[in-house]
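Since the structure comes first, as structure tokens, the remarks are kept for the end.
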Amino acid sequence: MKIIVVDDEPDVQFLFKQRFRREIRKEEIEFNFFLSAGEVIDYLSTTDNIDIVLILSDINMPGMNGLELLKIIKEKTPRQKVFMI
């Protein structure tokens with residue numbers, strides 16, 4: 001299961017890795033972490049994203065916020081599950 005996490009706070013990555021360490025070790029979950037919405041847009045435009053199960057995005061980020069990112073993702077892949085955190 002591939003999950004994208006977008007948050008401008010680096011501590012979030014540590015928290016997810018700690019909470020899901022067992023699942024990560026068993027390769028049940030694969031996380032891709034991004035610090036900005038722009039990084040995610042670049043990533044999604046250069047990869048085959050059909051295996052992405054979920055995108056978790058912070059709402060309040062500098063530059064492009066999570067709601068703006070949500071709009072762009074939904075325009076490109078309307079069925080993509082996105083949760084705002």
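Just so you know, all these numbers are worked out from the coordinates, no wet-lab data involved. Here the structure is a predicted model, which means the values were calculated and not measured. Neighbour counts run over all protein chains shown; Cβ positions are idealised from the backbone, glycine included.
The table that follows gives values for the structure above.
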read-out	value
Residue under evaluation E39, criteria (1) assigned to a helix (DSSP H, G or I); (2) farther than 15 Å from E9 by Cβ, criterion not met	(2)
Pick from the stretch 50-71, criterion under 10 Å from the mean Cα position of the chain (by Cα) and not β-branched (V, I, T), ranking: surrounded by the most Cβ atoms within 10 Å (Cβ to Cβ)	S57
Number of the exception - T46 against (1) of a type in the set (V, I, T); (2) without any contact (Cβ under 8 Å) to a residue 24 or more places away in the chain; (3) surrounded by 11 or more Cβ atoms within 10 Å (Cβ to Cβ)	(3)
Residue list for the stretch 17-29, restricted to those being assigned to a helix (DSSP H, G or I) and free of Cβ contacts under 8 Å to residues at least 12 places away in the same chain	Q18, R19, R21, R22, E23, I24, R25
Filter result (loosely packed, with under 15 Cβ neighbours inside 10 Å, touching a strand residue (DSSP E or B) at 6+ places or on another chain (Cβ under 6 Å) and of a type in the set (A, V, I, L, M)) within the stretch 1-35	M1
Residues located in the stretch 56-70, provided they are touching a residue at least 40 places away in the same chain (Cβ under 8 Å) and among the aliphatic types (A, V, I, L, M)	L56, M61, L69
Residues within the stretch 48-77 that are in contact with a strand residue (DSSP E or B) (Cβ under 7 Å, 6 or more places away or on another chain) and not hydroxyl-bearing (S, T, Y), tallied	12
Meets criteria (exposed (fewer than 15 other Cβ atoms within 10 Å of the Cβ) and at positive phi) for G38	no
Subset tally (residues that are assigned to a loop (DSSP other than H, G, I, E, B) and of a type in the set (A, V, I, L, M)) for the stretch 58-70	3
Residue satisfying condition, being among the charged types (D, E, K, R) and on the phi > 0 side of the Ramachandran plot, within set E68, E27	E27
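Here's the yes/no breakdown for (1) in contact (Cβ under 8 Å) with a residue 12 or more places away in the chain; (2) assigned to a helix (DSSP H, G or I); (3) touching a Lys or Arg at 6+ places or on another chain (Cβ under 7 Å); (4) not hydroxyl-bearing (S, T, Y):
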position: E9; (1), (2), (3), (4): yes, no, no, yes
position: L15; (1), (2), (3), (4): no, yes, no, yes
position: L54; (1), (2), (3), (4): yes, no, yes, yes
position: I72; (1), (2), (3), (4): yes, yes, no, yes
position: P78; (1), (2), (3), (4): no, no, no, yes
